[in-house]
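Below is one structure; the comments refer to it alone.
The values are calculated or read from the model by the stated rules, or taken from the named source; none is laboratory data. Worth saying up front: this structure is predicted, and the values here are computed from it rather than measured. Note that we place each Cβ from the backbone using ideal geometry, even for glycine, and neighbour counts take in every protein chain shown.
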Amino acid sequence: MDAESFFSNNIKAALKNSPPGEWMPNIPENCIRLNSGYPAPELVPDQELKAAVALLLDEERDLPLHYLGSPRIDKLKEQIQDRLAERGMRVSKEELLITSGACQAIDLVARILLDEEAVVAMEAPTYMEALEIFKNYTDHYISIPVDEQGLQTDLLEKELAERKQNGLALPRFLYTIPTFQNPTGTTLTADRRKHLLELASSYNFLIIEDDAYGELAFNESPETLKSMDKEGRVLHIGSLSKVVAPGMRIGWVAAARDFITAQWWFKKDLDHPFAHSTMATFLENIDFEERLEMLRRTYREKCAAMLSALQAIMPTSVTWFVPEGGYFAWVRIPGVDTAEMLAEAMAEGVAYIPGKHFFLDQAEGKEYLRLSFSYAEEKEIVEGIRKLAKIVGNLAK
Ligand SMILES: Cc1ncc(COP(=O)(O)O)c(C=O)c1O
């Protein structure tokens, strides 16, 4: 039987793309993982989550295990509303949808907003899984470069003006990670945030603000686009993956009510009531601000260890952006194909993600690589940079 003959045209087109996760290197054991955008293992609150499960089941018995789940599910929504309000985003229950991680939020946004003709604007480079998701819906993109201050909004404006003048379709939305971006670690400046919102208004497109790292500032988190938005154009996506545990799969979209209703139509009860009530119980019993403070301090120290190792050990031709939060440093090694270098790096015992995977046009990312300082221990980070520097030094000879 030919299974594919039964597929919809949309699915047939999507299956022509590379399989999801193809970028993920197959990491040998004992390799220092500067590739992993995961929280540090010791910062995942496994014992606290275990205690939350015990407390939940002791108090509510079978209730959290049913379709409708525990009353604490509503509480999770309130806890997330409170976190959003802390950052200047006051949203009602009807303006918030809890999703299976930020990834499902990205998919639901794409699902309600994109058809084959739709144009998506995004940053170059950008989060590769978002790229994979959008490619399931459309083949039309505008890629705008990121510099040390985030998305170059002047280049976006130029592109929009040209498209308008030439009668080309304008983007339905711009997908951006304005704060501690994946992969570059950069943060969009206040002026550019303002400019971006003005462009969205004058060229009539939506903004998908992916804020997965927004609370992980080394000093202070900037104002979100959503909190600056006066027209309801920003769909704000968040996640507890980077600040609690990715395996809990808890994310959300905060947006104007009609967008949330449309997404809910497709999400229905494809939920994880037990994970939601467990998370609500966990949040009830911890001081989240204290936890955030500890995470910020730890990642700030790990980042500093990585940057000073880069400064001390790498040849002077190698450059990087200095992150103000998040998980990542973005490094450029002029004249080196980082995808080719990876096999040698892994043989030496260090892994990273080659820059090309974060670009629609992969040739653009050839000389870049993404290093994550979140997962490995500080001394491993320094050792990993030493190993990379040795390879880069040898390549330069
Ligand atoms: C920018 C960005 N958005 C979303 C996600 C996915 O988050 P979640 O685990 O909540 O699906 C990640 C994870 O790496 C990310 O870097």
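Listing for the model above:
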item: Residue within the stretch 224-232 that is outside any loop (DSSP other than H, G, I, E, B), of a type outside the set (Lys, Arg) and without any contact (Cβ under 8 Å) to a residue 24 or more places away in the chain present; result: no
item: Flag for LEU57 being assigned to a helix (DSSP H, G or I) and over 21 Å from the mean Cα position of the chain (by Cα); result: yes
item: GLY185 assigned to a helix (DSSP H, G or I), modelled with pLDDT of 95 or more and either within 16 Å of the ligand (Cβ to nearest atom) or not assigned by TED's automatic domain parsing to the domain that holds VAL53 (or both); result: no
item: THR224 vs. criteria within 16 Å of the ligand (Cβ to nearest atom) and either in contact with a Cys (Cβ under 6 Å, 6 or more places away or on another chain) or not aliphatic (A, V, I, L, M) (or both); result: yes
item: Selected residue (only one of ALA130, ALA52, ALA110 is more than 15 Å from HIS272 (Cα to Cα), outside any loop (DSSP other than H, G, I, E, B) and away from the ligand (no atom under 16 Å from the Cβ)); result: ALA52
item: Any hit, the stretch 245-254, residues being within 16 Å of the ligand (Cβ to nearest atom), under 14 Å from VAL91 (Cβ atoms) and not aliphatic (A, V, I, L, M); result: yes
item: Qualifying residue in the stretch 273-281 (condition: within 21 Å of the chain's Cα centre (by Cα) and either more than 16 Å from the ligand (Cβ to nearest atom) or not aliphatic (A, V, I, L, M) (or both)); result: yes
item: Subset of the stretch 277-330 that is out of contact with any Pro (no Cβ under 9 Å at 6 or more places or on another chain), small (Gly, Ala, Ser) and not in a helix (DSSP H, G or I) - its residue that is surrounded by the most Cβ atoms within 10 Å (Cβ to Cβ); result: GLY326
item: Any hit, the stretch 254-267, residues being over 30 Å from LEU68 (Cβ atoms) and assigned to a helix (DSSP H, G or I); result: no
item: Filter pass, LEU96 being out of contact with any Leu (no Cβ under 9 Å at 6 or more places or on another chain), hydrophobic (A, V, I, L, M, F, W, C) and surrounded by fewer than 23 Cβ atoms within 10 Å (Cβ to Cβ); result: no
